[in-house]
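*Asks:* Got a structure for you, questions after.
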Amino acid sequence: MGVEDQRKKLMAFGPTWGDRRSVHVHPGGPREGPNSDDNVCNCDVEASTSTPMVLMNYVDAPPPPVSRISTCGWNLNDILKKGKRFREVPRVALKEATKAVIQFDREGVPLIIESLHEEPDWPKEDFHPDWLKKHGPKEISVRNVYDRTDKTMLLDQFIQQCHSASNFASPEVEKERLYGKDVECPEKWAKWLRNSKVVPLSLIPDNAEDLLSSRHVETLMCYIGVGDTFTPCHKDLCASSGQNLMCYTEMDGSSFWFMTKGADAPEASKYFQELEQELDHETHVITIEQLANAPFDVYIAQQKLGDLVLVPPRSCHQVVNYGGITIKTSWSRMTLKGLEIAYYHELPIYRRVCRQEIYRVKSTIYQTILKRKEILLLSTRHHKQRQAVLAPKIEDKKLRLTTESLLKLFDSVLVEESPIPHRRIHCLQSVTTPTTAVDQLSCDFCGADVFQSFFECLSCVNGPQDSNSSKAKHGDGFVICAGCYIEGRSCKCGNMEPVQCRPFQELLDVRNKVAELLSVYKRHPIPLLEDK
């Protein structure tokens with residue numbers, strides 16, 4: 001199946017022209033500035049589009065294949081013997097975790113920090129299903145792993161059903177086997193993760209080095225399942241690093257993990273295509289036999305109570321639950337290395353398979369740059385005095401080095417998003433500040449996040465033939481990202497105009513200010529960028 005054929009199938013909701021892939025969200029409420037020519041970049045040439053683009057036709061997607069797994073008779077040692085390139089996931093004790101995590105971030109090999117449940121501050125009672133029924137969410141979304149259909153259930157009812165379910169599936173009898181996925185994490189659990197000091201500080205949600213914290217992204221979730229429930233092979237969002245803690249088990253409950261090194265993602269993707277599957281569609285449940293024939297190392301672990309599994313960026317992994325009830329909590333963090341991988345490698349794949357980013361990579365880069373700018377302003381304020389008395393702090397040196405790498409990444413974003421000089425292009429907001437919320441937009445074809453530049457039609461959003469409908473405002477029209485536009489996609493009338501979220505000069509000003517602050521510490525200053 002060709003890329004475009006698959007893309008059509010992914011757009012299976014069959015919209016009429018003017019329907020959007022999702023509602024465009026305006027997190028800051030009404031945008032600043034009127035919808036008029038006053039809210040336009042101060043340029044002197046009018047921009048326009050002329051030739052209508054080729055339209056893509058949507059078709060219905062085929063029903064998902066039925067997936068079943070039986071873990072009956074599974075044993076870690078026996079599984080490891082089935083593949084020449086099967087490796088057991090390395091394990092370390094909590095006291096060895098600091099050095100091990102540094103190595104994990106550098107090398108991208110899966111890791112388990114074991115036996116956290118033996119720590120004195122482990123909240124055994126709070127992790128019990130009875131506590132969760134009283135203090136957790138009343139309703140949760142559950143998935144039938146056989147056909148991947150979702151429904152909402154009362155948490156109490158779902159836990160009762162888990163208790164009554166057999167540890168192993170009965171394919172001849174069962175029509176559904178339910179897995180509680182992406183369940184809201186209780187606030188008490190979140191506070192324990194952040195404050196108990198059981199989980200290493202470098203791994204806790206929203207820690208100081210987690211770049212997702214600059215956008216306050218909530219990634220903390222819970223998973224509740226019984227034996228033979230599973231998650232198909234996939235990669236974590238946007239090359240983020242995954243953490244998954246086994247909080248509670250019953251009746252020898254555990255989870256089998258099958259993982260690759262992060263660096264093996266391209267090879268794994270190629271292998272999936274040889275199996276006539278697409279890794280990034282996240283629909284294929286790969287078998288042990290298929291993994292045994294894979295041309296790359298496969299790391300395997302049996303996660304038990306208290307085990308914290310660390311998943312490298314881009315690691316392809318599949319999780320299969322075993323035995324009785326298991327309750328896990330997981331969260332993501334974003335390193336600078338992960339952000340670079342996401343921008344250069346994952347986003348092009350997301351566009352190809354029409355997958356939304358969720359973590360808004362370009363926006364995360366920008367928000368982190370804004371945050372680093374404020375930190376650098378404080379650190380350089382007394383630079384001369386500190387330089388005369390003390391050697392530079394190691395933390396300050398690390399901050400400058402990582403910020404310089406981040407700046408190079410932001411430069412790539414600016415090159416991609418820059419408008420043609422001297423074009424008069426509409427901006428959604430005439431003036432923004434670091435606290436101003438810019439409209440959260442995504443491409444109505446591929447789902448790519450729109451950070452700065454896009455094409456928009458205000459006519460087709462209400463139907464091209466509907467002359468009586470009021471004209472949509474900028475930001476509420478039919479949105480196409482620049483990548484899709486140059487590939488020939490457009491609205492039905494083909495009359496799309498370029499739009500920017502904010503004046504481009506604002507982005508340049510932030511970038512150049514950070515460059516100036518970093519240049520204070522360098523022998524050769526970082527060149528400034530100009531919009532020309």
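The values are calculated or read from the model by the stated rules, or taken from the named source; none is laboratory data. All figures in this text were calculated on a predicted structure; none of them were measured in a lab. Glycine also receives a Cβ, built like all others from the backbone with ideal geometry; neighbour counts cover every protein chain displayed. SASA here: full protein model, heavy atoms, side chains in, ligands and nucleic acids out. Shrake-Rupley method; radii C 1.70, N 1.55, O 1.52, S 1.80 Å.
*Asks:* So if R0 is 45 Å, what FRET efficiency would L201 and E176 give, r being the distance between their Cβ atoms, rounded to the nearest 0.05?
*Replies:* Efficiency computed from Cβ-Cβ geometry: 0.65.
*Asks:* With the Cα gyration tensor of region 78-147 giving a ≥ b ≥ c as the square roots of its eigenvalues, does the rule (a/c under 1.5 for rounded; else a/b larger than b/c for prolate; else oblate) give rounded, prolate or oblate?
*Replies:* Details: a/c = 2.40, a/b = 1.36, b/c = 1.76.
It comes out oblate by the Cα gyration axes.
*Asks:* In region 106-163, what percent of the accessible surface is made up of carbon and sulfur (1.4 Å probe, ligands and nucleic acids excluded)?
*Replies:* Working: 1390 of 3180 Å².
About 44 percent, which is the carbon plus sulfur part of the accessible surface.
*Asks:* While we're on this one: Distance from the Cα centre of region 99-132 to that of region 288-316, in angstrom?
*Replies:* When both Cα centres are located, 17 Å separates them.
*Asks:* Tell me which residues come under 5 Å, amide H to amide H, from C446 once H is placed; ignore anything under 5 positions away on its chain.
*Replies:* C481
*Asks:* Give me the accessible area per residue for region 99-186, probe 1.4 Å, as a whole number in Å².
*Replies:* Working: 4910 Å² over 88 residues.
About 56 Å² of surface per residue is accessible.
*Asks:* What lysines does K337 reach when the alpha-carbon gap must be under 17 Å and sequence neighbours fewer than 8 apart in one chain are set aside?
*Replies:* K235, K261, K362, K398, K408
*Asks:* In sequence order, what are the phi-derived ³J(HN,Hα) couplings for region 316-327 according to the Karplus relation 6.51 cos²θ - 1.76 cosθ + 1.60 with θ = phi - 60°, rounded to whole Hz, with x for glycine and proline?
*Replies:* With the stated coefficients, region 316-327 comes to 8, 9, 10, 10, 10, 7, 9, x, x, 4, 10, 10 Hz.
*Asks:* Just the accessible area per residue of region 267-366, please: how many Å² with a 1.4 Å probe?
*Replies:* Numbers: 3020 Å² over 100 residues.
So region 267-366 comes to 30 Å² accessible per residue, rounded to a whole number.
*Asks:* Can you list the HN-Hα couplings for region 337-352, worked out from phi with the Karplus curve (6.51, -1.76, 1.60; θ = phi - 60°), rounded to whole Hz and with x for Gly and Pro?
*Replies:* 4, x, 5, 5, 4, 4, 5, 7, 10, 7, 4, x, 5, 4, 5, 5
*Asks:* Could I ask something else about it? Which order do the peptides 296-307, 224-235, 516-527, 97-108 come out in when sorted by mean C-beta neighbours inside 10 angstrom, highest first? If you can, show how the numbers build up before the last one.
*Replies:* Working: 296-307: 20.7, 224-235: 24.0, 516-527: 13.4, 97-108: 15.8.
Averaged packing, sorted descending, gives the order 224-235, 296-307, 97-108, 516-527.
*Asks:* Please work out the Cα convex hull volume for region 171-221 and give it in Å³ per residue. Please list the in-between numbers first.
*Replies:* Numbers: hull volume 6.7 nm³, N = 51.
Expressed per residue, the convex hull around the Cα atoms of region 171-221 is 132 Å³.
*Asks:* State whether region 128-275 is rounded, prolate or oblate according to the following rule on the C-alpha gyration tensor (a ≥ b ≥ c being the square roots of its eigenvalues): a/c under 1.5 gives rounded; otherwise a/b larger than b/c gives prolate, and the remaining case gives oblate.
*Replies:* Working: a/c = 1.95, a/b = 1.10, b/c = 1.76.
Here region 128-275 falls in the oblate category.
*Asks:* Using a 1.4 Å probe on the protein chains only, how many percent of the accessible area of region 267-424 belongs to carbon and sulfur?
*Replies:* Details: 3650 of 6780 Å².
Answer for region 267-424: carbon and sulfur cover 54 percent of the accessible area.
*Asks:* Hey, any idea what % of region 189-239's accessible area is carbon plus sulfur with a 1.4 Å probe? Please report the intermediate quantities before stating the final value.
*Replies:* Working: 970 of 1770 Å².
Roughly 55 percent of what the probe reaches on region 189-239 is carbon or sulfur.
*Asks:* Need the list of lysines near K304 for cross-linking: C-alpha distance under 19 angstrom, and skip anything on the same chain fewer than eight residues off.
*Replies:* Qualifying lysines at Cα under 19 Å: K95, K124, K181, K328.
*Asks:* Cα-based Rg of region 210-333 per 2.2 N^0.38 Å, rounded to two decimals?
*Replies:* Compared with the compact-globule rule of thumb, region 210-333 sits at 1.06.
*Asks:* Name the long-range amide H neighbours of D182: under 5 Å, sequence gap of 5 or more, or other chain; modelled H, no Pro or chain starts.
*Replies:* Hits under the 5 Å cutoff: C222.
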